[in-house]
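Reading through the structure tokens given below for one structure.
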Amino acid sequence: MTSTTSGKEIHDDPASAAARWFARLQGDDASPQDRRDFQLWLDAEPANASAWREMGATWEAMARIERDPALAALRADALGAVDHRPRSVSRRSLGLAAASLVVLAGGAVLGRRWLTTSKTPPAEADEPVFATGVGERSTFRLADNSVVTLSTDSAVRVNRWEGERRLTLVRGQAFFQVAKDPRRPFVVVAGDKRVTAVGTAFDVRMEPGKLSVTLVEGRVRIAGTSPTGERRVEMSAGSRFIAADPADWAIGPVDTAKESAWLQGRLVFDGEPLSAVVAEMNRFSERKLSVTDPALAATPVSGVFKTGQVDAFVAALKTYGLVDIGHADEGRVELIRPRA
């Protein structure tokens, strides 16, 4: 399993940095420069070496991983126990052994620091949890070669795989490119809903009181509790499923290119009210926009904007005479009507 992270720069504590180094070094494409940079990080602070040793102890505690020769070779390589020459460790060789480590890509934690919510029990030791912070985007490859991309402030758990390939979306939004395997359906659990696919590409997004699924290609089946009882529906490519409390389920056509633009770090709007645009921009930034004027909030906005680029977004709105800036500080920018 490999992992890459894009978005804002992250200044990790030693434990989180150790987890990120593991994610980077386990990939087939880890370069000699990556390994040199890792060695510099390892030697920079005693806390870094301590965090890396603690990770090694966590590995040793997992009997399933301890017996896997591919992962043992990877650990020896990363720790420099034998030498500092790069070794060739294929993704296929790592397989589920690497997947059984708890690694949170993009500012993640490993081992005893479990990600929990009030509705989500702690992960088992062999159920890795991947997460992103606000403004981050992270991609990782599963043992079956399916690819998962996490959006801002999101988390997904890779559950134990037996008769099905099951993941749980803990929070936020994720895009799934599913490798075909008719014998083992690919299942994403989101709240009380299950999204099942064989080989397809789809997006799942959780919000308070709302779940949406956008299907880019293939077919998926959704099952779960609706206001009218237990239901099961099937989707075809180019459609979106929405379950918003207390309304019944709805499926309709959607512009999949527009809806999946966040995968390239862009947000596309076509006549949406400024209030909705602001809410979406805020998902990707620690610095929040606010608009309290009802008339201004209803102003339609169209355009393509980079995620996390609040200043550029505001500058574009000002250029077109849509807004002006009221109060602004490091944490918030107030949008007001243009001054006369």
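The values are calculated or read from the model by the stated rules, or taken from the named source; none is laboratory data. Treat the numbers as computed from the prediction; the structure is a model and nothing was measured. Don't worry about glycine lacking a Cβ; one is built from the backbone with ideal geometry, like all the others, and counts go over all protein chains shown.
Taking the options Gly238, Gly163, name whichever one is on the phi > 0 side of the Ramachandran plot and not charged (D, E, K, R).
Exactly one of Gly238, Gly163 is on the phi > 0 side of the Ramachandran plot and not charged (D, E, K, R), namely Gly238.
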Restricting attention to segment 126-144, which residues are within 8 Å of the chain's Cα centre (by Cα) and either in a loop (DSSP other than H, G, I, E, B) or among the hydrophobic types (A, V, I, L, M, F, W, C) (or both)? Phe130, Ala131, Thr132
Might you let me know whether segment 211-222 holds any residue that is surrounded by fewer than 17 Cβ atoms within 10 Å (Cβ to Cβ) and under 29 Å from Ala279 (Cα atoms)? yes
Here are some conditions: (1) part of a strand (DSSP E or B); (2) over 20 Å from Val198 (Cα atoms); (3) over 22 Å from the mean Cα position of the chain (by Cα). Met235 meets all but one. Which one does it not meet? (2)
Just wondering, is there one or more residues in segment 320-335 that are surrounded by 19 or more Cβ atoms within 10 Å (Cβ to Cβ), in contact with a strand residue (DSSP E or B) (Cβ under 9 Å, 6 or more places away or on another chain), at pLDDT 95 or above and in a helix (DSSP H, G or I)? no
Restricting segment 239-280 to residues that are in a helix (DSSP H, G or I) and touching a residue at least 40 places away in the same chain (Cβ under 8 Å), the residue that is nearest to Gly331 (Cα to Cα): Val278
Restrict the check to segment 145-161 and report whether at least one residue is closer than 19 Å to Ala261 by Cα, under 12 Å from the mean Cα position of the chain (by Cα), surrounded by fewer than 18 Cβ atoms within 10 Å (Cβ to Cβ) and among the hydrophobic types (A, V, I, L, M, F, W, C). yes
Scanning segment 281-313 for residues that are exposed (fewer than 15 other Cβ atoms within 10 Å of the Cβ), modelled with pLDDT of 95 or more and in a helix (DSSP H, G or I) gives Pro294, Ala295
